[in-house]
Amino acid sequence: MQWYTVTCFLVAGLIANGIAIDDRNWQLAPDGNGRLHLINTNPYDIPESDTVVPRFVPEQDTIFRLFTRANPTEPQILQLNNPASISGSNFNPAHPTRFSIHGWNNDGSHFMNTLFRDAYFQLGDFNLITVDWGVGAINPNYITARNLVGPVGNTVSLLIDQLISTAGANPDNIYIIGYSLGAHVAGSAGKSQHGRIHSIIALDPAGPLFALGQSDAVSPADGRYVETIMTNAGLLGINTPLGQANFYPNGGRTQPGCGADIAGSCAHDRAPMFYAESLTTSTPFRAMRCADHGQILSGSCTSSGPDANMGGQPSNYGRGVQGVFYLETNDASPFARG
């Protein structure tokens, strides 16, 4: 109801200003910072714009920045079809590798990259590779950016292939972590790797124009373990369980400490914040397994199987964690209650 009310309000404002639109084609979508945009989801009725958007070629324009404990703040650029950029870097196949992928209307500077980098290097030696597809993601036309999910995911997969062939990387040691639209990019990368990547972590996957079963939407088969963390489900994020294990903190729609949060950006941003904290906290994000997704929607979760921790390092792979989970958090950091 909140999504519908806000959408109608914004559409009414456009009509009041003399802009003729079909309100059935319009809905709200988040950018990489959780800011809300009103978008037209009809690809045959896109308003004309004077904005010039650079042509995006994923294999040429996606930037892969490698951070390690040896270069925690100054990245090294890994390039497709340039094995020397890998062999001459600090990439170490003996160390776990983590990919971090931003969402719509953002780039490699997204705050989650710093959060993840700091958390992982506090734990030990990791190869953290940030995926910057900002040339394609920073686009006022959401449909165009949304349709790049598959190609960007395939580009990430190509780099993984090169890490394996050039440096001896092991898919069993790789996680792909994506936020919002980037969550579906992570899933698409896993698909291109035929599900052999250790873990896919989808942080509040974007909702507009995505549904379970679509070829480029996150799915349970995208990795050996696929986890979703839903924090603004039904507004900026998708509500449908898309992973093997699906966590709904505080019910997954709104988050304590976010106030009214009509646009949902505060709740949307909690997903990467929760995940970053889960990597280093001594107090786990302990969650109750519900009988089904319907219990999440009704707010009446009853224990139906073993509890599990949301997020964390290592992931839940191999622990039999699957289904839908509910947990509560604090309204400010530290969020985990145990």
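The values are calculated or read from the model by the stated rules, or taken from the named source; none is laboratory data. Please read all numbers here as calculations on a predicted model, not as lab measurements. Backbone-built Cβ (ideal geometry, glycine too); neighbour counts: all protein chains shown. Quick note on the areas: whole protein, heavy atoms, side chains included, nothing else; ligands and nucleic acids left out. Shrake-Rupley method; radii C 1.70, N 1.55, O 1.52, S 1.80 Å.
When the solvent-accessible area of region 64-217 is split by element, carbon and sulfur atoms take up 50 percent of it, the probe being 1.4 Å. The residues of region 55-123 present an accessible area of 46 Å² per residue when probed at 1.4 Å with all protein chains retained. Once the Cα-Cα distance is subtracted from the 0.36 nm per residue extended length, the Asp292 to Arg55 segment shows a gain of 81.0 nm.
Overall dimensions of region 106-197, expressed as equivalent-ellipsoid semi-axes from the Cα gyration tensor (√(5λ), whole Å, largest first), are 22, 18, 10. Run a plain Debye calculation on region 203-338 (Cα atoms as equal point scatterers, no solvent) and give log10 I(q)/I(0) at q = 0.18, 0.20 Å⁻¹, rounded to two decimals, same order as the q list. Log10 I(q)/I(0), no solvent term: -0.98, -1.22.
Surface composition of region 227-338: carbon plus sulfur atoms hold 48% of the accessible area, using a 1.4 angstrom probe and ignoring ligands, DNA and RNA.
The length gained by stretching the chain between Ile164 and Ser300 to full extension, at 0.36 nm per residue less their Cα-Cα distance, is 44.4 nm.
Ranking Ser278, Ser265, Ser303 by solvent-accessible area of protein heavy atoms (1.4 Å probe, all protein chains present), from largest to smallest, gives Ser303, Ser265, Ser278. Among rounded, prolate and oblate, which fits region 255-335 when a ≥ b ≥ c are the square roots of the eigenvalues of its C-alpha gyration tensor, a/c under 1.5 means rounded, and a/b larger than b/c means prolate? Since a/c reaches 1.5 but b/c is at least a/b, the shape of region 255-335 is classed as oblate. The candidates Asp107, Asp222, Asp331, arranged from most to least accessible area with a 1.4 Å probe in the full protein assembly, appear as Asp331, Asp107, Asp222. In this simple spin-label approximation, Asn173 and Leu212 carry label points 7 Å from Cα along the Cα→Cβ vector, and these lie 3.6 nm apart.
Shape summary of region 94-148, radius of gyration then Dmax from alpha carbon positions: 13.3, 41 Å.
Phi angles of region 109-114 translate, via the Karplus equation with coefficients 6.51, -1.76, 1.60 and θ = phi - 60°, into HN-Hα couplings of 7, 4, 4, 5, 4, 5 Hz per residue; Gly and Pro are given as x.
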